[in-house]
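Everything below concerns the one structure shown next.
Please treat every number below as a calculation from the coordinates, not as lab data. What you are looking at is a predicted structure, and each value in this text was computed from that prediction instead of being measured. Methodologically, a virtual Cβ is constructed for each residue, glycine included, from the backbone with ideal geometry; neighbour enumeration extends over all protein chains shown.
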Amino acid sequence: QVQLVESGGGLVQSGGSLRLSCAASGTIFMLNAMGWYRQAPGKQRELVAASTSGGSTNYADSVKGRFTISRDNAKNTVYLQMNSLKPEDTAVYYCNADHRSDYGAPVYNYWGQGTQVTVSS
């Protein structure tokens, strides 16, 4: 079983920055893709940014050039640096990870509990 714990959310003014962290713990063998999703009130959860274990990344168009995803594989941690924040970035941000418990084992997907990011205008 893998647990994902996010931290770093909070209230920030428009144009400000925040850094989210997500640490994976438990019986970890191989973390594959890790990423961040967000869900604003009344909206569907959407992908913000994702990173493969090899370092390839992809971003939602709405955050390109402002957000940067990175990961420390030794610490089983993924980060999301958010710059030039806008009020429309306000949402609950969720960490997500794919984990394999052994070579050839199926991949299971895990979610964190979410952290609130609020950007005031």
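Structural remarks
- Top positive-direction residue, dipole computed over the chain with Cβ charges, set Pro41, Ser56, Leu18: Leu18
- With 0.36 nm allotted per residue and the present C-alpha distance subtracted, the Ser7-Glu88 stretch has 27.2 nm of extension available.
- DSSP bridge orientation in the chain - percent antiparallel, rounded to nearest 5: 90 percent
- Radius of gyration, Dmax [the chain; alpha carbons; angstrom]: 14.2, 49
- Approximate spin-label separation Gln39-Trp111, in nm, with each point projected 7 Å along Cα-to-Cβ: 0.4 nm
- Where trypsin sites (Lys or Arg not before Pro) in DSSP loops with at most 13 other Cβ within 10 Å are excluded, longest remaining stretch of the chain: 76-121
- Protection proxy ranking, peptides 52-62, 111-121, average beta carbon neighbours within 10 Å, highest first: 111-121, 52-62
- Reachable aspartates and glutamates from Lys64, criterion Cα separation under 15 angstrom, eight or more residues apart if same chain: Glu46, Glu88, Asp89
- The calculated Kirkwood hydrodynamic radius for region 15-72 is 13.0 Å, given to one decimal from all distinct C-alpha pairs.
- Average Cα contact separation per residue, the chain, under 8 Å, 6 or more apart, as relative contact order %: 36 percent
- Label separation (Tyr103 vs Thr57): 3.1 nm, computed from points 7 Å beyond Cα along the C-beta direction.
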